[in-house]
Amino acid sequence: MKFHTPNRIVALASLAAILACTPPLYAQSNLAPQPTSVSSASAPDPAFLAHANATIDQSRKLIDAFFEQTSNVVCTENVEQTLVGKNNKPMYREESVFEYQLQSTNSGGSLRLTESRETRKAAFRDPSKTILITNGFASLLLVLHEHYESSYTFEAVSEETIDNRTALHVHFKPVPGGSSPAAIQLLGWNHPLPLKGDIWIDEETGAISKLVSSLDGSLADLGLRDIQTEIRYSLVQFHAPEEAYWMPASAMIDVQTPKQHWHNVHHFSAYRRFRATIQVQLGDKEP
């Protein structure tokens, strides 16, 4: 976390409120790769476990494609930044609007994510209030990326219905000594965040439709009581040509320290796709 002014906290990084930028993926895994293995929260059902393994493998293969697709679209992002007071009641709020794009580059096995925001409506600022800036939350999907496969255990919970679609509910927990796609930055140092949570995978497409996470254990020594996130995705239809992408619909980030409590909500809408075009003009032929 970087303090730019006494009353403004800036958060950089992966899917939680104060997370730092994701290092190159090729250097992330501290454990030996192993095949995907999903346990069951109830009595083992071989058919259900086989189905869960296949669904997670399908979803894992789509992670890189997701980041490629996000680089082809821009959208409108509405941000609500709330300072929460006693009894969990809002005591101060700022609202702003941006044009948002997530760009990814993959060179030499290193995936890097860059966010672009252009202000469309600036928030009114009360300099006496401390707010939390949250970004980079899309990278929490890397929990399912193949480079983090050995850093988490997955437990199939059940099949559920989300927005009239069947989804596989999977619980994940960090493996001791494994890597994390999320980190908190304090005084220039990155501290990996041990995250646990739940993922809902759309069974028809293999896309993630919902992801929630929280801290697995205490980080009181870093001044953190808890970090909770909830990201929802929805299917966005594009035309000419006809394509459908699963894109972020909303992201909620809730952060608590012993003295402060912030609750930020991001809403994404009005997705527009763009493609580069090349125009070639031929000169007149010589006589």
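Here are a few things to note about the model shown:
- Restricted to strands (runs of 3 or more DSSP E) entirely inside the stretch 151-215, those with at least 3 residues that are within 29 Å of L132 (Cβ to Cβ), under 15 Å from the mean Cα position of the chain (by Cα) and among the polar types (S, T, N, Q) are 208-215.
- Boolean, S139 is crowded, with 20+ Cβ neighbours inside 10 Å, part of a loop (DSSP other than H, G, I, E, B), of a type in the set (S, T, Y) and at pLDDT below 90: no
- Just one of the listed residues (I231, I184) is in contact with a strand residue (DSSP E or B) (Cβ under 7 Å, 6 or more places away or on another chain), within 28 Å of V97 (Cβ to Cβ), modelled with pLDDT under 90 and of a type in the set (A, V, I, L, M, F, W, C), namely I184.
- Single condition I131 does not satisfy, out of (1) surrounded by 12 or more Cβ atoms within 10 Å (Cβ to Cβ); (2) at negative phi; (3) within 20 Å of the chain's Cα centre (by Cα): (3)
- Residue within the stretch 194-205 that is farther than 25 Å from E159 by Cβ and of a type in the set (A, V, I, L, M, F, W, C) present: no
The values are calculated or read from the model by the stated rules, or taken from the named source; none is laboratory data. All values reported here derive from a predicted model rather than from experimental measurement. Don't worry about glycine lacking a Cβ; one is built from the backbone with ideal geometry, like all the others, and counts go over all protein chains shown.
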